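The values are calculated or read from the model by the stated rules, or taken from the named source; none is laboratory data. Keep in mind the model is a prediction, meaning the values are calculated, not measured. We place every Cβ from the backbone using ideal geometry, glycine too, and count neighbours over all the protein chains shown.
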Amino acid sequence: MKIIDIAFKDLTRSMRSLFLIGMALAAPLLITLLIYFAFGSLKSGDISMTPIKVGIVNADVLPTNAQLESPLGKSVRDMFFDDSVKSWITASEYADESAARAALNAQEIGVAVIIPKTFTQDYLAAGIKTPITILQDPTLTIGPTVAREMVTSLLDGVAGGGVAYKIIQVRLEANGKTLDRAGITALFERYANWYADFQRALFHQPEKAALVVTSPAAGGEASNNLQSMMGLVMAGQLIFFSFFTGAYAMMSILHEAEEGTLARLFTTPTNRTVILMGKFLAVFLIVMIQGIVLLIAGRLIFGVRWGEAGTIILAVLGQMFASVGLAVLLVSFIKTSKQAGPIFGGALTGLGMLSGLFTTNIAMPASFNAIGNFTPQGWVLKAWKLSLAGQPAKEMVLPFFVLVVMGIVLFAIGAMMFRKRYAE
Amino acid sequence: MNAIEVINLKKSFGDLLAVDGASFKVDSGEVLSLLGPNGAGKSTTISILSGLLLPTEGDAFIMEHSVTKEPTTAKASLGVVPQDIALYPDLSAGENLVFWGKMYGLRGSTLKVRVDEVLDIIGLADRQKDAVGKFSGGMKRRVNIGAALLHKPDVIIMDEPTVGIDPQSRRHILDNVKELNQKGMTVLYTTHYMEEATELSQHIAIMDKGKVIAYGTHDELIKLVGELTRIDITLNTEAEKILSEWRKTEGVSRIDSTDGKVTALVDDSNRVLPRLFDTAAQVGVRITSVDIQEPNLEMVFLHLTGRALRD
């Protein structure tokens, strides 16, 4: 009973500590909120950006003997006027290069794509390559790069069409057949349509372009990019601050030693082990309350889907064991509360960085990720990543087991040192 | 019955012998003042009695329970008022008392009744919901005492409870101690204020350098210095010039000098003082002030150790 009395007293004091409330609840939510606002445009997958203004000069003409229906330059030109790019490219046509340069100088456009008169002719004549000129505002980077990539992509497609045409031609000739003009036109048209569809799909509907993206949404529910990102960000903050909260709450034993209340507790008919257990229980409860509040806040504010109930419970429990264990161990090395700042700051921030808590949305090298296997925070992060990915509780057995063992070992060492320090 | 019994208590910290074979007894229902200068070993003795430290040698008993062999039982009979305020500043006076009551095993209605009674005793019933951190030093001291009274202990140990507080709060605390004693509580009171020891206690133990150097009632201790009178003399020059001459003066029991001030224990000030003036005139030293005091505990300590109590 006295264990609960001591834990309740510590819990009451913690709830009245503005510093602890700030660090346990306000700080992780505020940091996550900042990131949320910074990347808020990712919501629903929409990325708002200033449209790229592109000027097109298409001087290309169809050679008289060409078996094409229209010059290749027209395909380049049409690509910039396509409906699928209208939301982020504003294209306009200019009569010649000088008009486009004038518009560029007047900053009416950011990029000018100049397609020369003999582009198709030279292209069809093997070995001769006439470049498409791209002029750009020197202060811009993204727009010109996008325009260049689009042109290159299209030309790659045309080259692919050429290859396809030659292969078909060789195969037909091998079979004693020839391709008439209408057939060639139909072939190129079919290829061009396929390629245009492929490009559109690649940009706008990747799944139709055979690009498979795994969604981290739980339970098969639709999710969006922002929610996915915020889930990992929030998990990183939750873990980092839960370890900090645990350590700070455990520091109450140092405060009590300095305030004289610990010595006074020892003068009461209360066993010292009971006193220590009461203080440990308080830390356990504080970390649990913090975890629950942040999970609910993450769901309500940022729409984070934490996962299935079973995995969430195991992740929270594992996190509690690990953070309390590390807190007890860390504080057992500290003699005064003044030492706590640098030791907590150094140890918890260092371990947090090594565990990847601050780089949850960045693909780190495998060697870096491996370091997390040696830290409690690293395993808690693994647990939350599994939970966020909607994994079932059985997938949590290993991280949960590792966290419980880590927590117990760290706790045992710390508790042993405390008992030694406060021996009867 | 002995409420407290200390037998040949020793406690060393490395090479430092803080308590060196101290022994004394406190009868049930009496107040014993443990008097001594800073570093005399009072607080270490108190810490052993409170169960905070284990003795290197010897033992101590609270209500006949050994503090080394039956610490929990001994502590249950004991209320300890630490020298420094040992309360939770962010909890209210009432919350503090409830918590400390629980630590002494009180629960439910018993706890509630005792908290209310103690709040009345310490005169803070109307401030029970205020955080202790907002209290004045004297009010904190009163709550500090109240926390040790909740379980109605047989013995209460008060370690210099009046250090650094205003006269009004000091008076309140001294009255509280007397009232508790009148209700039958045994009190072990440590102080380096001889006036408090004189006012409160039936017996006084004087400690110095870890030993109990004198024990008895106030009158018994005063008799140790006999009919001696203390004379404090200030000179216009260094005392060393005349001290050896004055030591030869008839009627001077003891004479020492500290910080340029000479303190003499003499058998009859009316007879000795003119002789001291004569000698000073012969040596060419001028006496600038003289203060004559009747025998008191300060003089006892001076007589026994050659040092002032508050040195």
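When the criteria are applied in full, A:Val328 meets the requirement of being touching a residue at least 40 places away in the same chain (Cβ under 8 Å), assigned by TED's automatic domain parsing to the domain that holds A:Arg272, in contact with a Phe, Trp or Tyr (Cβ under 7 Å, 6 or more places away or on another chain) and among the hydrophobic types (A, V, I, L, M, F, W, C).
Test of understanding: among B:Ala131, B:Ala93, B:Ala74, which residue is under 26 Å from A:Ile3 (Cβ atoms), surrounded by 15 or more Cβ atoms within 10 Å (Cβ to Cβ), in contact with a helix residue (DSSP H, G or I) (Cβ under 6 Å, 6 or more places away or on another chain) and among the small types (Gly, Ala, Ser)?
Details: B:Ala131 fails: in contact with a helix residue (DSSP H, G or I) (Cβ under 6 Å, 6 or more places away or on another chain); B:Ala74 fails: in contact with a helix residue (DSSP H, G or I) (Cβ under 6 Å, 6 or more places away or on another chain).
So the residue among B:Ala131, B:Ala93, B:Ala74 that is under 26 Å from A:Ile3 (Cβ atoms), surrounded by 15 or more Cβ atoms within 10 Å (Cβ to Cβ), in contact with a helix residue (DSSP H, G or I) (Cβ under 6 Å, 6 or more places away or on another chain) and among the small types (Gly, Ala, Ser) is B:Ala93.
Given the residues A:Leu326, A:Leu357, which is the only one that is within 21 Å of the chain's Cα centre (by Cα), closer than 16 Å to A:Ser242 by Cα and surrounded by 15 or more Cβ atoms within 10 Å (Cβ to Cβ)?
Values: A:Leu326 fails: within 21 Å of the chain's Cα centre (by Cα).
Result: A:Leu357 is the single residue among A:Leu326, A:Leu357 that is within 21 Å of the chain's Cα centre (by Cα), closer than 16 Å to A:Ser242 by Cα and surrounded by 15 or more Cβ atoms within 10 Å (Cβ to Cβ).
Among the residues of region A:166-181, those identified as without any contact (Cβ under 8 Å) to a residue 24 or more places away in the chain, in a helix (DSSP H, G or I) and either surrounded by 10 or more Cβ atoms within 10 Å (Cβ to Cβ) or of a type outside the set (Gly, Ala, Ser) (or both) are A:Lys166, A:Ile167, A:Ile168, A:Gln169, A:Val170, A:Arg171, A:Leu172, A:Glu173. Evaluation of B:Lys25 against the conditions (1) under 26 Å from B:Glu179 (Cα atoms); (2) in contact with a helix residue (DSSP H, G or I) (Cβ under 9 Å, 6 or more places away or on another chain); (3) of a type in the set (Lys, Arg) shows that the sole unmet condition is (2).
Restricted to strands (runs of 3 or more DSSP E) entirely inside region B:25-98, those with at least 1 residues that are assigned by TED's automatic domain parsing to the domain that holds B:Asn176 and charged (D, E, K, R) are B:57-62.
Residues are listed down the side, and each one gets a yes or a no for (1) aromatic (Phe, Trp, Tyr); (2) closer than 19 Å to A:Phe243 by Cα:
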position: A:Leu386; (1), (2): no, no
position: A:Ala389; (1), (2): no, no
position: A:Met396; (1), (2): no, no
position: A:Phe401; (1), (2): yes, yes
position: A:Val404; (1), (2): no, yes
position: A:Met416; (1), (2): no, no
position: A:Tyr422; (1), (2): yes, no
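If B:Ser66 satisfies every condition in (1) at pLDDT 95 or above; (2) away from chain A (no Cβ under 11 Å) but one, which is the exception? Going through (1) at pLDDT 95 or above; (2) away from chain A (no Cβ under 11 Å) one by one, B:Ser66 breaks only (1).
Tallying residues that are more than 20 Å from B:Gln83 (Cβ to Cβ) and either part of a helix (DSSP H, G or I) or without any contact (Cβ under 8 Å) to a residue 24 or more places away in the chain (or both) within region B:183-208 yields 2. Regarding B:Gly79, is this residue more than 26 Å from the chain's Cα centre (by Cα) and within 30 Å of A:Leu11 (Cβ to Cβ)? In short, no. If the condition is being within 7 Å of chain A (Cβ to nearest Cβ) and under 24 Å from B:Ser28 (Cβ atoms), then region B:79-99 contributes B:Val80, B:Pro82. When A:Leu135 is tested against (1) surrounded by 14 or more Cβ atoms within 10 Å (Cβ to Cβ); (2) assigned to a helix (DSSP H, G or I), only condition (2) is not met.
At least 2 residues being of a type in the set (Val, Ile, Thr) and in contact with a Leu (Cβ under 9 Å, 6 or more places away or on another chain) is the threshold, and among the helices (runs of 4 or more DSSP H) wholly inside region A:240-317 those reaching it are A:261-267, A:272-302.
Taking strands (runs of 3 or more DSSP E) that do not extend beyond region B:209-311, which have at least 3 residues that are within 30 Å of B:Asp15 (Cβ to Cβ)?
Numbers: elements: B:211-216, B:229-235, B:252-258, B:261-266, B:287-293.
Of the strands (runs of 3 or more DSSP E) lying wholly inside region B:209-311, those with at least 3 residues that are within 30 Å of B:Asp15 (Cβ to Cβ) span B:211-216.
Check B:Lys112, B:Lys102, B:Lys140 and return the single one that is out of contact with any Lys or Arg (no Cβ under 8 Å at 6 or more places or on another chain), within 12 Å of chain A (Cβ to nearest Cβ) and either buried (at least 23 other Cβ atoms within 10 Å of the Cβ) or assigned to a helix (DSSP H, G or I) (or both). Steps first, answer last, please.
On the way: B:Lys112 fails: within 12 Å of chain A (Cβ to nearest Cβ); B:Lys102 fails: out of contact with any Lys or Arg (no Cβ under 8 Å at 6 or more places or on another chain).
Answer to the check: B:Lys140.
List every residue pair whose Cβ atoms sit under 6 Å apart, with the two residues 6 or more apart in sequence or on different chains, where the first one lies in region A:10-36 and is within 11 Å of another protein chain (Cβ to nearest Cβ) and the second, anywhere, is surrounded by 16 or more Cβ atoms within 10 Å (Cβ to Cβ) and modelled with pLDDT under 80. Between residues of region A:10-36 that are within 11 Å of another protein chain (Cβ to nearest Cβ) and residues that are surrounded by 16 or more Cβ atoms within 10 Å (Cβ to Cβ) and modelled with pLDDT under 80, the close pairs are A:Ser14/A:Leu20.
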